[in-house]
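Below: the structure, in structure tokens.
Each reported figure results from applying straightforward, stated rules to the coordinates on display, with no laboratory input. Computed from a prediction, not measured in an experiment: that's the story for all the values here. Here the Cβ positions follow ideal geometry from the backbone for every residue, glycine too, while neighbour counts run over all protein chains shown.
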Amino acid sequence: MRTAFVYTVKILVRDRAVLLWAVAFPLILSSMFYAVFSNLDQIYTLGRMPVLVVQDDNYAGAPQFATLIDQLGVDRSSDPLLEPTFVPTEAQARDTMADQDFLGFIQVTSTGKPTYVMDPGRVDGSADVMDPTRQSVILTLLDRYSQDAAYVADLAKTDPSKLADPALLAALSGHTDFTQPISATTNPVSDTVRYFYAALAFSCIMMMSFGLSAVSSWKADASPVGARRSLGGQSWTRSLAPTLAAAWLLSFICVLIGFCYIRFAFGISFGGKEWACVAVLALSTLVSTLVGALIGAINAPTGVKSGLTVLITCVLSAFAGLYGPPSQKLGDWVAVHLPGLSVINPVRQVYEAFYNLYYYDSYSRFTEKVIILAITAVVGFVVCVAVMRRTRYRSL
Amino acid sequence: MPVFRTALRVIFRHPVQLLVYIGLISLFGLVIIQSSFDTATPSFSMSTVPVAVIDRDHSPVSESLTDFLGDKGTLVEVDDSSQSIQDAVAQGQVALIVIVPHGYGSAFIAAARDGATAPEVETITSFAVAYATLAQSQVDNYLNGLRLAAVAEPVWDDGDLVAQARAIASVSATFEVPHDSAAVSSTTTFDFFFVWSSYPMTLGITALVAMAFTAFNLGETRRRQLASPMPSTRLNLQIMAASLVTAGLTWVYLCLLALLPIVGGAPLWVADPSHAALVSVAALVFTSVPLSLGFLLAQFQASSMVINAVSNVVGLAMMFLSGLILGSGSSVSLGGPLDTIKLFLPSHWYAQAIAAAGGVGGAGGVTWGTYLASLGIVVLFAVALLCVALAIGRFRVQSSDGNVVIE
């Protein structure tokens, strides 16, 4: 069995194409993700929202509104929400909005109320998906001013004496926040880590190629090596077990290289639970080796088999969010509404296992994923045995 | 035309690549893009945010705040346990969790009336920071109304105050969207689909063309061809013709997907057919890049596994590095060196051409100069790749005495 193991490792390592696919691809993919997504969390925040403010006579006549704009745009020490640019007239605001990158313009009407005019290209259906939310936030900020003004007008009608109350005037001045952000998860919520977890989960399933190649070297009608091995007089269990073990070991090493690269070269956090991650990698590569072995056992041309691995890898990874925000949305939707489909998708399970390690302080969710992966591996193993035992060949 | 027919046969003997790379991935993009962009909505509607309120106070104030947030967004039930709260945040079920502590309502009203600093509610933000900011502003607006009412009416009980607070917080600022943006919206969807399609085009056409040329370059096949009376130029032209047919069919498939009402009955049709034509032409021009790339890849006589790997890497790299995955390539800035790197990617110029056709990011006419220049750059990329491929091919033929069989 040891000889079979050593020779299978040699056969697999000598197949340069498989090695390239297995080692280089995770490294290239994660480097690309690092280049693109390292500042992703900034892209998906509001940032400072660029708006135009018409600074005309009406604006000068509403000093409290001017104070609000200053507070939201300039004075807010921590993170100013608005980035106001002042223009003297409405016509100029419309021209500037059309030509440049502004969300819209704010104007004080002759009645002293603010009106917000949005850039028609940056509302629902805008190329930047965050634009409708940005517009909603700007409107909600302006709502506060309108609400204060409407209440003051109401009081002026019903009981004007209250407007002289210094406590009320103090409450009306300034834009106070009443919320205190706290954190519920062990590590800060981040959108960026999801891509790296998806890339790693994708790399794990890609290791099917090793299982596929290993079984090709074992099956009597799949390669000359397989034909020679079938004549070796060894029982099928004693020859298949080391073959699969060799494939699994190489898969595990390749994924581990990818993992170390992501963890140490890019400093992507796994919640400080690296050893648990290594366990997930070991289990998931076992699943992919067995899936690869099953594909290898099918009686079909090599092209069809490698095509099938591509098909499985691409489709399953789509639900783990590999292809960006739309694919993440789809994966999350399926996980919530069709949990059964997520359970049978090992890529999603690996992705969620990393995700759970990062976010949760307890291991309970993570253990669930590990159990699901272990069950998948057992099912894979049973099917493999059922398919491969007592294989008969019409001709070699 | 036997070579042409054989090349087509080789291509169609890779049904998985045809089905997955071109068929499924394009369809996947179409479905997702159609669901992300609501073409039926003509203008602006306030974003609704999924919010959860953990009410530990059970006072009229906390209940009224919960109702108010339910009206403004979508209320999600989250249990008051650390596991459920972590679940809701980590899985993105909610954008914001508001925790109203015990005794908050009476403490808030007392502080407002005493002129003291108002106590704060605790909030937990999910990764959708923008949505959380929106919900936070709504909470602030409601509590601001409550504070005003509490100060102005010092003798009212909590029930009257929360009713007044709701009345104050229901006032909205006026807004205007200059003109109906329905056309802009559907144009954007149409454009975004085509911009995104650069990925399946790169993936599919590159892999299939590389496989077709590689099949003809295999040792024994090559020797038989050289022994035949057909000049190699004619032979290569016929393979090229089969590749062109593949690229053309891919393009037709994408156009049909974009123009026919396949999903949900809502077609990605545009109000302006000339715009649709310009975008489609840009896509047709872009197919020249994966054609050349496939030809280049074939010069290395790689196995189908390497061809698949390389076309995946190149396809993903072009999509990610030019920012296509985050929106249109022309409008999303990735910052730093990536803004420079994307200038060297044909997919970026393709997205530029589509943007110049009067679409993504706003209405407006066609910027012919940018449109033609961008497409020119795309063609130059294709020509450059073709030249490199021809040079490598020539070098290979001159330097090797035989071709290695890999498949």
Study note, to complete from the structure: Residues whose built amide H sits under 5 Å from the amide H of B:Ile54, excluding neighbours closer than 5 in sequence, are B:Val98, B:Ile99, B:Val100
Practice item. Give the distance, in whole Å, between the Cα centre of region A:7-38 and the Cα centre of region B:222-237. Key: 37
Practice item. Run the dipole for the protein assembly as shown about the Cα centre, Lys and Arg Cβ at +1, Asp and Glu Cβ at -1, nothing else charged, and hand back the magnitude in debye, nearest 20. Key: 6500
Point to revise | Normalised contact order of region A:111-218, rounded percent, pairs of Cα under 8 Å and 6 or more residues apart | key: 12
Review point. For A:Lys369, which aspartates and glutamates qualify as cross-link partners when the Cα separation must be under 13 Å and same-chain residues fewer than eight apart are set aside?
Key: A:Glu352
Point to revise | Exposure proxy ranking, count of Cβ atoms within 10 Å, fewest first, for B:Met1, B:Met240 | key: B:Met1, B:Met240
Review point. Hey, can you rank B:65-71, B:195-201, B:147-153 by average C-beta count inside 10 Å, highest first?
Key: B:195-201, B:147-153, B:65-71
Check your understanding: Against the longest alpha carbon principal axis of chain A, how many degrees, from 0 to 90 and to the nearest 10, is the axis of helix A:364-388 turned?
Key -> 30
Exercise for review: Under 1.5 on a/c is rounded, so check that first for the protein assembly as shown, then, if it is not, pick prolate when a/b is larger than b/c and oblate when it is not; a ≥ b ≥ c are the square roots of the alpha carbon gyration tensor eigenvalues.
Suggested key: oblate
Exercise for review: Give a residue-ordered list of calculated ³J(HN,Hα) values for region A:219-233 (Karplus: 6.51 cos²θ - 1.76 cosθ + 1.60, θ = phi - 60°; whole Hz; x for Gly, Pro).
Suggested key: 6, 4, 9, 9, 7, x, 4, x, 4, 5, 5, 5, 8, x, x
Practice item. Enumerate the amide H contacts of A:Thr85 below 5 Å, restricted to partners 5 or more residues apart or on another chain; note that Pro and chain-start residues carry no placed amide H. Key: A:Val51, A:Leu52, A:Val53
Check your understanding: Counting only other chains, what is the mean number of Cβ atoms within 10 angstrom of the Cβ of each residue in peptide B:164-172?
Key -> 4
Exercise for review: Please name whichever of B:Ala150, B:Ala132, B:Leu161 sits farthest to the positive end of the charge dipole of region B:116-163, dipole taken about the Cα centre and charges placed at Cβ: Lys and Arg +1, Asp and Glu -1.
Suggested key: B:Ala132
**Study point:** Of A:Ala164, A:Leu46, A:Gln107, farthest towards positive along the dipole that unit charges on Lys, Arg, Asp, Glu beta carbons give region A:46-172
**Key:** A:Ala164
Study note, to complete from the structure: Among A:Gly303, A:Leu283, A:Leu338, the residue whose Cα sits farthest towards the positive end of the charge dipole of region A:218-348 (+1 at Cβ of Lys and Arg, -1 at Cβ of Asp and Glu, taken about the Cα centre) is A:Gly303
Check your understanding: Taking Cα centroids, how far is region A:231-283 from region A:288-307 in Å?
Key -> 19
Practice item. Mind pulling the angle between the C-alpha long axis of helix A:302-318 and the longest principal axis of chain A? Nearest 10 degrees, somewhere in 0 to 90. Key: 30
Revision key, fill the gap. Computed for chain A: size of charge dipole around the Cα centre, +1 on C-beta of each Lys and Arg, -1 on C-beta of each Asp and Glu, debye to nearest 20, value 3880
Study note, to complete from the structure: Going residue by residue through region B:292-300, the Karplus relation 6.51 cos²θ - 1.76 cosθ + 1.60 with θ = phi - 60° gives ³J(HN,Hα) values, rounded to whole Hz and with x marking Gly or Pro, of 5, 5, x, 4, 5, 4, 5, 5, 8
Revision key, fill the gap. Amide H neighbours of B:Ala302 at under 5 Å, excluding residues fewer than 5 places away on the same chain, with H built from the backbone geometry, are none
Practice item. Just flag the GluC sites (Glu not before Pro) in region B:66-140 sitting in loop per DSSP whose Cβ has no more than 11 other Cβ atoms within 10 Å. Key: B:Glu77
Practice item. Determine the percent antiparallel among the DSSP beta bridges restricted to chain A, to the nearest 5. Key: 40
Exercise for review: For region A:148-165, take each phi angle, set θ = phi - 60°, evaluate the Karplus expression 6.51 cos²θ - 1.76 cosθ + 1.60, and give the result in whole Hz per residue in order, putting x for glycine and proline.
Suggested key: 4, 5, 5, 5, 4, 4, 5, 5, 4, 7, 7, 8, x, 4, 5, 5, 8, 5
Review point. Rounded, prolate or oblate: which fits region B:279-323, taking a ≥ b ≥ c as square roots of the Cα gyration tensor eigenvalues, rounded meaning a/c under 1.5, else prolate when a/b beats b/c?
Key: oblate
Point to revise | Charge dipole magnitude, Cβ of K and R +1, D and E -1 - region A:46-172, Cα centre, debye nearest 20 | key: 280
**Study point:** Rounded to 5, the percent of DSSP beta bridges in region B:50-169 classed as antiparallel
**Key:** 35
**Study point:** Anchor A:Lys219: aspartates and glutamates whose Cα lies under 19 Å away (excluding residues fewer than 8 positions away in-chain)
**Key:** A:Asp15, B:Glu407
Check your understanding: Mean separation of Cα pairs under 8 Å and 6+ residues apart, divided by the residue count of chain A: what relative contact order is that in percent?
Key -> 18
Revision key, fill the gap. Looks like chain A, by Cα gyration tensor root eigenvalues a ≥ b ≥ c and the a/c under 1.5 rounded cutoff (else prolate when a/b is bigger than b/c, oblate otherwise), is prolate
